[in-house]
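The values are calculated or read from the model by the stated rules, or taken from the named source; none is laboratory data. No experiment lies behind these values; they were computed from the predicted model shown. Here Cβ is always computed from backbone atoms with ideal geometry, including for glycine, and neighbour counts include all displayed protein chains. Surface accessibility is based on the protein's heavy atoms, side chains included, excluding ligands, DNA and RNA. Shrake-Rupley method; radii C 1.70, N 1.55, O 1.52, S 1.80 Å.
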Amino acid sequence: MPKLFNDDIAKQIETILEQLDKPVTLMLFTKSGSCPTCAETRQMLEEISALSQKINIVLKDLEQDSDLAKQYAITLSPSFVMLDAEGTYRGVKFNGIPAGHEINSFISALLEMSGLMPKFHPSVLKRIQKIDKPVNIKVFVTLSCPHCPGAVQSAHRLAMLNEHIDGEMIEAQTFNALSNQYKVSGVPKIVINDAHELVGNQPIEAFLDAIESL
Amino acid sequence: MFELNLNTVDRPTAFDTDTLWDLLVVGGGPAGLNAALYARRKGLQVAVIAKDFGGQLHNTTDVDNVIGHTLVSGKALADKFLEHVRTLEVPMLHDAMVHALTRQRDGFMIELADGRTLHSKTVLIATGSRPRKLNIEGEVTYANKGVSYCTTCDAPFFKGKHVLVAGGGNSAAEAVIDLSHYARHITVVHRSQWRADQVLLDKLATLRNLTVHLETALLAVHGKDVMTGATVLDKATHTTRQLTADGLFIEIGTLPISEWVKDLVHRNERGEVVVDENQATSIPGLYAAGDVTNQPFKQIIIATAEGAKAALAITQYLNHKTKENPHAQTI
């Protein structure tokens, strides 16, 4: 297959990834047989990891490694989780290929998982740390959506900052059935604990308002 | 296939909070970036604070009316603007939200949402605008359940479906063109006559799956779980009727992002910051440029021009102030 990243993009990404602090592992689950975008996602992660020594990839099979998939609550393929330097899963998951605009939420998560978390207002941090019940944040996206990476980024930041929260990007076109189930016809669509919905990209405070109201 | 956006992936750089800036630009769209370019070339100590660099260029698929650029993507143009300003080493703080702007003895203080404070002799308001809503029944209920404000984001969900487009300007015409690759049929509903450029209207004339209702107002959006249709009013015959549709894309212009300065400056009834011919607001040292101002034509090239004017006027303002009071202590 030809490369997904052309030389320009590869160079730009390589420069950005020079900032990575600690190593990050990407654990990708695919499956044999019909698996739309599995091959492309694998290739994309391989090309990314070739651009930085701090990015490792582990390849798994959804069926053969079902115990592991269960541990990370993975039911879709392709799907990958991002693990920190200690190999700990901190709730950062991508279902489907983070291409198009979503390359931005992906690279942002890589940097933040490596230890480069941005500064938050102390009052916001306090609210995040206070959350003590399990929270799942699904963010449905399309790859042509410029506002979507911001919403995915917020969900993943919340996940990294609180062990009770996990955040997952869902590429709506690859997972068409799931999108229909959640009646997605506009993105980003943010679904919290399968109950509460936020429309459009929202500031992190709006995520917190919704979580606190659960 | 990859739309790398340096906004999201660049880490916030160390931003000097001790400096008393000559000019702080709030907003990273065409107006703000061009103001920074002009101000820097004049030798001002200028920095830009923005949530997102590129502004509404990121919502635009194609730009074909900036002279010198024949058909460029909004994002590519945004990247070029940003790259140009970067070559001048203008400090830029992104992902930053202004919490408060207050007047001080020798200028202004900006408090950011993360708690940091910045000081500047002058400030340029260049926060642009956001999509305007119709404010009709059902619009909020069916938001993201058929009602959309972003064609590039949501067009793929309407493959083989019938969608309505509200609006008659360039954005509406472009939305129709984007949607024509997906939707089975598109119906434009617009309360008056087309305002879109003739080149776009010529393109619409080639589409087979388009119906246009001009002089027609949208009254309500209906549905159950998701949107199923809308009520419209034919203004000539004063009759209402129902249109069956799976989606409604609203492209009726924008609203200025000016709430954050509402207690400081004079705004008009549309919420736009009122500026004079030098882009000056009602407060000395506080300027505005781009879609946030009362300038009537919201265009990339006009926003950039306003940014340039503001930077030049600010340079004059600062020179004048120094002459007036050469030994003034700052802050």
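Table for the structure above
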{"item": "Cα centroid separation, segment A:155-195 to segment A:130-153 (Å)", "result": "6"}
{"item": "Alpha-carbon gyration tensor eigenvalues x 5, square-rooted, for the protein assembly as shown, Å", "result": "37, 33, 21"}
{"item": "Rounded to 5, the percent of DSSP beta bridges in chain A classed as antiparallel", "result": "50"}
{"item": "Set of segment B:110-139 residues, backbone N closer than 15 Å to the point 7 Å along the Cα-Cβ line of B:His99", "result": "B:110-119"}
{"item": "Whole-number D in µm² s⁻¹ for segment A:122-212, Kirkwood Cα-pair radius fed into Stokes-Einstein, 20 °C, 1.002 mPa s", "result": "164"}
{"item": "Efficiency of FRET from Cβ geometry, B:Met109 and A:Thr88, R₀ 35 Å, rounded to 0.05", "result": "0.25"}
{"item": "Distance in nm between pseudo-label sites at B:Thr228 and A:Thr75 (7 Å out along the Cβ direction from Cα)", "result": "2.8"}
{"item": "Distance violations [Cα-Cα > 19 Å] among A:Lys133/B:Lys51; A:Lys93/B:Lys51; A:Lys31/A:Lys93", "result": "A:Lys133/B:Lys51; A:Lys93/B:Lys51"}
{"item": "Cα-projected label distance for A:Asp209 with B:Thr19, points at 7 Å along beta-carbon direction, nm", "result": "3.5"}
{"item": "Pairwise Cα inverse-distance average, inverted: Kirkwood Rh of segment B:13-169 (Å)", "result": "17.8"}
{"item": "Calculated over segment A:7-92: convex hull of Cα atoms, volume per residue (Å³)", "result": "95"}
{"item": "Calculated FRET value between B:Lys80 and A:Glu18, using beta carbons and R₀ = 22 Å, to 0.05", "result": "0.40"}
{"item": "At q = 0.07, 0.11, 0.13 Å⁻¹, base-10 log of I(q)/I(0) for chain B (Debye sum, equal scatterers on each alpha carbon)", "result": "-0.33, -0.76, -0.98"}
{"item": "Ellipsoid semi-axes in whole angstrom, largest first, where each is sqrt(5λ) of the Cα gyration tensor of chain A", "result": "25, 20, 17"}
{"item": "FRET efficiency for B:Thr117 and B:His181, using Cβ-Cβ distance with R0 set to 56 Å, rounded to 0.05", "result": "0.70"}
{"item": "Hypothetical label at A:Glu46: residues of segment A:58-77 whose amide nitrogen lies under 12 Å (7 Å Cα-Cβ projection)", "result": "A:59"}
{"item": "Buried on assembly, segment A:136-152 (at least 20 Å² less accessible surface than by itself, 1.4 Å probe)", "result": "A:Thr142, A:Ser144, A:Pro146, A:His147"}
{"item": "Principal axis dimensions, segment B:213-331 - Cα atoms, whole angstrom, descending", "result": "70, 28, 22"}
{"item": "Set A:Lys119/B:Lys121; A:Lys189/B:Lys161; B:Lys145/B:Lys262; A:Lys126/B:Lys75 screened for pairs whose C-alpha atoms are more than 30 Å apart", "result": "B:Lys145/B:Lys262; A:Lys126/B:Lys75"}
